[in-house]
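Okay, structure first, notes after.
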Amino acid sequence: MTTANDPLNYGQFSVSLNVKDIHKSHEFYTTLGFKEIAGDINQKWIILSNDCAVIGLFEGMFSGNMMTFNPKDVRGLYKSLKAKGIEFTKEPEGESGPSHTSLVDPDGNVILLDQH
């Protein structure tokens with residue numbers, strides 16, 4: 001079991017979906033019982049939640065779907081994974097505060113590690 005101080009603690013998980021029509025997708029997922037918790041549909045992005053399930057809907061912001069984790073320490077997680085030989089497509093910026101990094105799994109799935 002990991003703790004918040006564990007360098008391999010990934011935090012909250014969500015899936016970020018690249019959608020064709022933000023309004024149709026919003027209607028679909030709210031019909032499934034998801035509630036809007038963040039974002040701005042007029043800016044073509046919203047975050048929806050249903051208990052512990054979180055889905056981000058994004059129209060035209062990236063080319064595919066991605067998995068997103070929200071670690072408390074993205075730089076520590078980056079350093080731990082880099083030491084294990086994991087290659088990243090983006091390094092976290094700065095020394096502290098919000099930042100993100102990304103990597104791609106062997107099947108081409110994008111993984112975003114995003115510290116708020």
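Here are some notes:
- Verdict on Glu36 being more than 24 Å from Thr101 (Cβ to Cβ), touching a Leu at 6+ places or on another chain (Cβ under 9 Å) and among the acidic types (Asp, Glu): yes
- Among the residues of the stretch 20-40, those identified as surrounded by fewer than 14 Cβ atoms within 10 Å (Cβ to Cβ) and either touching a helix residue (DSSP H, G or I) at 6+ places or on another chain (Cβ under 6 Å) or among the hydrophobic types (A, V, I, L, M, F, W, C) (or both) are Phe28, Leu32, Ile37, Ala38.
- Residue among Asp73, Asp21, Asp51, Asp40 that is acidic (Asp, Glu), out of contact with any His (no Cβ under 9 Å at 6 or more places or on another chain) and touching a residue at least 40 places away in the same chain (Cβ under 8 Å): Asp73
- Of all residues in the stretch 85-99, those that are in a strand (DSSP E or B) and either modelled with pLDDT of 95 or more or among the hydroxyl-bearing types (Ser, Thr, Tyr) (or both) total 1.
The values are calculated or read from the model by the stated rules, or taken from the named source; none is laboratory data. From a predicted model like this one, the values you see are computed outputs, not experimental measurements. Cβ atoms come from the backbone with ideal geometry, glycine included; neighbour counts cover every protein chain shown.
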